[in-house]
Every structure is written in structure tokens, then in C-alpha cells.
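Data first, discussion second: the structure below is written as C-alpha cells.
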Amino acid sequence: MVKKVSKIEVPSWDYSPSLESTSHIVLKEKYDLYIDGRWVKPHSGKYFATVNPADEQKLADIAYGNALDVDKAVKAARKAYNEVWSKMPGSERAKYIYRIARLMQERAREFAVIETLDSGKTIRESRDIDVPLACNHFFYYAGWADKLEYAFPNRKIQSLGVAGQIIPWNFPLLMAAWKIAPALATGNTIVLKPAETTSLTALLLAEIIDQSGLPPGVVNIVTGYGDTGAAIVNHADVDKIAFTGSTGVGKLIQKALAGTSKKVTLELGGKSANIIFDDAPIDQAVEGIVNGIFFNQGHVCCAGSRLFVQENIAERVVEKLKQRMETLYLGNPLDKNTDIGAINSKEQLVTILKYIKIGQKEGAEMYQPVCNIPAKGYYCPPTLFINVAQSSLIAQEEIFGPVLTIQTFRTVDEVIQKANNTPFGLAAGVWTDKGSRIFNLTTKLRAGVIWANTYNKFDPTSPFGGYKESGFGREGGLHGLSAYLK
Ligand code: ADP
């Protein structure tokens, strides 16, 4: 049965727009591939448009790399590995990585604005989270480059060779940093492919890498679609594949690599549980829920998309959550007041809307605050589903949008069982005043990362990765270095 959609009035107060300036941004009309320290045209001569999802305007044309371009990039990476990078002392490699980090910091505003234009994420997020964290990853791993024998005592330190890295569109620059920085620190060379809807910050990073004087061929950026990624995966001279993206593509990659000697790390989808006990600080928890699923439009693989609330406080939590949702600002991602920006692509918006329809059909109670949806661009209001059955598709499948399901529980054992009843295992959040309960849950929840009384906090020193269909291998911290060593 489809229940009535409740509507709460929008607040009467408003903010004046506070748009981030774009005057310091110079975008090229056309971007080529960055191979062997040079900008080269794609073999096919084909380019594709990258679009601003906030207003559907074209930003630039991006080179469509094919298998021949990938081969050229892998050859360049192999040569750089054999002749320069694998022989260079760690202390020298560190200087380049530091230099990249410093240059990124200097151009942080440029990175933040381009990230927002290309991905639709809010400027607040790209400015305060993506860009500083990306710089910090380079700084952190630069520090390890000459200390690998201390990081892994009694191990012979040996890099892998050429790493093929394929990244998604939800944290374009940050994912590039997660992949590139540890691979460089350990002495590997790289062929990286950004997602087709968000190539621009990886290409700006290529400019910076070029400026840093990094020897040609150490980092190569090949833009393109899924077939470009598949060409990297299937190239015979690649030693390792690091992939972040959907579980579906992750499975394809694993199949393609079965029986080869290539190493692989996969960071895939999630359906993470955010659990609130009745002794939790409720206002703080509500803020954590909003941060976990609605900021960044739910475009976070570890988004807290399944909320479990202890039954005796459920009504209060839902009411407070609805009130908070009323005050969320949806709109131009370049406006510093905006909480919810644009969905990354039309395809993704269609997927999210499909799940919202499914949720209504399945009989859950839906709530969406009244939002002024801009006429152009891809937007989705924050959406809550209450009284959701455990078996419901919206509680089982990854939606990758601002859609939250709420279920209740009575006991600790019940919530552990419900939270673990998913094919995924990327992250979880626990909100309670009791330290012992936190430790109990962290041992029993099958999730790679568990946040206590907070959500979506990242740090370069801390490993990140999943269980089950959320993938395997860890990125960040020492674990992240280990994934690039024999
Ligand atoms: P999402 O659903 O988040 O877009 P995808 O898994 O489709 O995630 O995409 C993540 C990255 O994987 C993108 O860079 C995309 O181009 C790339 N990709 C898509 N299909 C393949 C494939 N078959 N092999 C390798 N890479 C792929």
C-alpha cells in the first residue's frame, strides 16, 4: 500500500546566497591523456563531454582512451619503473610526494571549485573535506617513503611494479590521492583511470604532477569509460589492480583476474547501519545521521543508509530528524549554504528515483521535506522511509543517494543480527553513552570501519575497507602501504 507522503512547511527564514567565486578557474576546452609526462591525443581521436550536474552545462571535452592508449601508458609506466622509480631511494621519492602535496595545497581553491563543478558535490564538502584530506594523504605517505623498513620490520621491502588504478565519481580527487600516494611511496608506477563523469580534478592533479618534476611515466592518467578501465584490468603487464566502485564491476574485475598473478584490492558498495541506543545524545546522533546520509547526496560508499533506532526513542528520533531535514538546503552546490548539492549524473538520479518508487510500492511510510528543486540539473530531495521491513529492497540494496531507511530494535542481539543481515560490510555507526556496549558491538558487527558517536570521519592514518561484498584489502594507514608491496 502506498502511504500518504507527509509534508512539513519549509522554515520561514532564509539565507542570502553566498556563491563561491569561479573567477580563478581556467578550464581547457579539451583535455588529452597524460602519458609518459606528456599530453597526448587519444588513439581513437574521440572525446566525450563532461557536464556540470548542477545545471547540465558542458564543462569540457575529455579524451576517450582505448586499449592502445592504455598499452602506451602501461609501457611508459613499466619503463619508468625499471629505469627510475624502483631504483630511487625512498628519501628521494618522498621529496616528490611532498612537492605534489604542497602544490595541491597552493591550488586548493581551484581543486575545490572544479570538484564541485564536475561532481555536483557541495563546495563546503569539496573545500573542507575532499581537498584537505587528499593533500593529507600525500603528506602522510611522503613521510613513510623512506621508513618502509620501520613500517614493516623483518620484511624485505619490494614494490610490485605497475599499478592499474580505477576510481569512481563520488570522491574523485580524494580517491586519486588514496590510490596514488601509497603506490608512489612504495616505489610503484601508475596508470590511473578516473570515472567518466568526473575526470577534471584528476587531470588538474596530472598538471601538478607534471609541475612537480616527477619523472615521466611514473604517473599516467588515462581518461575514458568502463572499457578503458577493462583494458587496464586485462593488460598483461600490470602487476596490481586497485579498484573502487560498484560491487557489480568489482565482481567482473575479480573474474577477469582469476588465475592471473595480479594482486588486487577492491573497495565496493555498502549498506551501512547507523545504530542509535536510547542512552545516546539524541541531537548529536541526529546530526550524525544527517551527515552520514544526506550531506554529499548520499554519494558515499560507507553512507549510513540503514538507521536502527531503539524502539522506546524511535518516535522522538524520527520527529527530530524530520525537523532537521526541513532545514536542509538543497540547491546550487557552489553556494556555501548548500547542504545537499546535485546528484552526479542523470543515470544516477534515475536509479535513486527508481528505488524511491520501490520503497513506496513496498508500503514503507515516506517523508520528504518541501524543497525548491532547481529547474535545471539533477537533484533529489532528502528522503526518509519509516517502518521498513528487513526484507525490503530499499533496506537491502545500495541506492547511492540521499535515501534513509529506518527500522527499530529492542535488544543488542536483535540489532546486531539485523545490522549484519546484508551482503555488504563496509561501515557502521554506534551511538550510545556506554563504552562497553561500543566495544561489544565493534567485535560483532561485520563492518570494516565502525564509528562510535560520530560518522563519516576519515584520516590518512586509519585503514579503510570492507567485508563480504564490500570488497577486500585496506586503504589508508600502514595497511594501505602493505597493499603495494610484495
Ligand atoms: P559507479 O556505479 O559508482 O559508477 P562503477 O563501478 O560503474 O561505479 O564505476 C567505477 C569505475 O569503474 C569508473 O571509473 C568506471 O569507468 C570503471 N568501470 C566501469 N566498468 C568497468 C569494467 N568493466 N572494468 C573496469 N573498470 C570499469
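Computed from the coordinates by the stated procedures, all read-outs in this text should not be read as laboratory data. Computed from a predicted structure; not experimentally measured. As a convention, Cβ positions derive from the backbone with ideal geometry for all residues, glycine included, and neighbour counts pool all protein chains shown.
With θ set to phi - 60°, apply the Karplus curve 6.51 cos²θ - 1.76 cosθ + 1.60 along region 230-237 and write out the HN-Hα couplings as whole Hz, x wherever there is a Gly or Pro.
5, 5, 5, 4, 8, 5, 5, 9
Please get the size of the charge dipole for region 273-459, origin at its Cα centre, with Cβ charges of +1 on Lys and Arg and -1 on Asp and Glu, quoted in debye to the nearest 20.
It comes to approximately 340 debye.
For the cross-link pairs 75/193; 28/354; 121/240; 262/457; 46/193; 156/263, which exceed 27 Å when the distance is taken from alpha carbon to alpha carbon?
28/354; 121/240; 262/457
In nm, to one decimal, how far is the residue 389 label point from the residue 472 one, both placed 7 Å along Cα→Cβ?
3.4
Roughly how many Å is it from the Cα centre of region 172-186 to that of region 311-364, as a whole number?
31
Using a ≥ b ≥ c from the Cα gyration tensor of region 341-486 (square roots of the eigenvalues), is it rounded, prolate or oblate, where a/c under 1.5 gives rounded and otherwise the larger of a/b and b/c decides, a/b for prolate?
oblate
For the chain, what is the mean residue ellipticity at 222 nm derived from helices alone (per DSSP H run of n ≥ 4: -39500 (n - 2.57); sum divided by total residues; nearest 500 deg cm²/dmol)?
Computed ellipticity for the chain at 222 nm equals -11000 deg cm²/dmol.
Based on Cβ point charges of +1 for Lys and Arg and -1 for Asp and Glu, what charge dipole magnitude is obtained for region 21-149 about its Cα centre, in debye rounded to the nearest 20?
Computed charge dipole of region 21-149: roughly 440 debye.
With the contact rule set at Cα under 8 Å and sequence spacing of 6 or more, what percent relative contact order holds for the chain?
Over the chain, the number comes to 19 percent.
With +1 on each Lys and Arg Cβ and -1 on each Asp and Glu Cβ, and nothing else charged, work out how big the dipole of the chain is about its Cα centre, in Debye to the nearest 20.
Result for the chain is approximately 1220 debye, rounded to the nearest 20.
Roughly what angle does helix 108-119 make with the longest principal axis of the chain, taking Cα atoms, 0 to 90 degrees, to the nearest 10?
The angle comes out near 60 degrees.
Compute from the Cα atoms of the chain the Rg and the Dmax, the latter being the longest Cα-Cα distance, and quote both in angstrom.
Here Rg and the maximum Cα pair distance are 22.3, 67 Å.
What per residue convex hull volume, in Å³, do the alpha-carbon atoms of region 1-135 yield?
So the per-residue Cα hull volume is 225 Å³.
For helix 314-326, report the angle its Cα long axis makes with the longest principal axis of the Cα atoms of the chain; keep it between 0 and 90° and round to the nearest 10°.
60
Give the calculated FRET efficiency between residue 49 and residue 457 to the nearest 0.05, with a Förster radius of 30 Å applied to their Cβ-Cβ distance.
After rounding, the FRET efficiency stands at 0.25.
Round to the nearest 0.05 the FRET efficiency obtained for residue 102 and residue 68 when R0 = 35 Å and r is the Cβ-Cβ distance.
Between residue 102 and residue 68 the formula returns 0.50.
Based on the mean of other Cβ atoms within 10 Å per residue, sort peptides 399-405, 340-346 so the most packed one is first.
Averaged packing, sorted descending, gives the order 399-405, 340-346.
What distance in nm separates the two pseudo spin-label positions at residue 152 and residue 414, each 7 Å out from Cα along the beta-carbon direction?
Result for the modelled spin labels: 4.7 nm.
Please give the direction-averaged projected area of the C-alpha convex hull for region 271-406, in square nanometres with one decimal.
For region 271-406, the mean projected area of the Cα convex hull comes to 7.7 nm².
Once both axes come from the Cα atoms, what is the angle between helix 90-106 and the longest principal axis of the chain, in degrees from 0 to 90, rounded to 10?
Between the helix axis and the principal axis of the chain, the angle is about 50 degrees.
Any chance you could run the full-extension gain for residue 353 through residue 22? It's 0.36 nm times the residue separation minus the Cα-Cα distance, nm to one decimal.
116.1 nm
Order of 175-188, 158-171, 202-215, 16-29 by packing, highest average Cβ count within 10 Å first?
175-188, 158-171, 202-215, 16-29
Which aspartates and glutamates have a Cα lying under 16 Å from the Cα of residue 179, excluding residues fewer than 8 positions away in the same chain?
130, 239, 267, 459, 475
Rank by packing, highest mean first: peptides 428-436, 242-250, 455-463, 218-226, with packing defined as the count of other Cβ atoms within 10 Å averaged across residues.
Ranked by mean Cβ neighbours within 10 Å, highest first: 218-226, 242-250, 428-436, 455-463.
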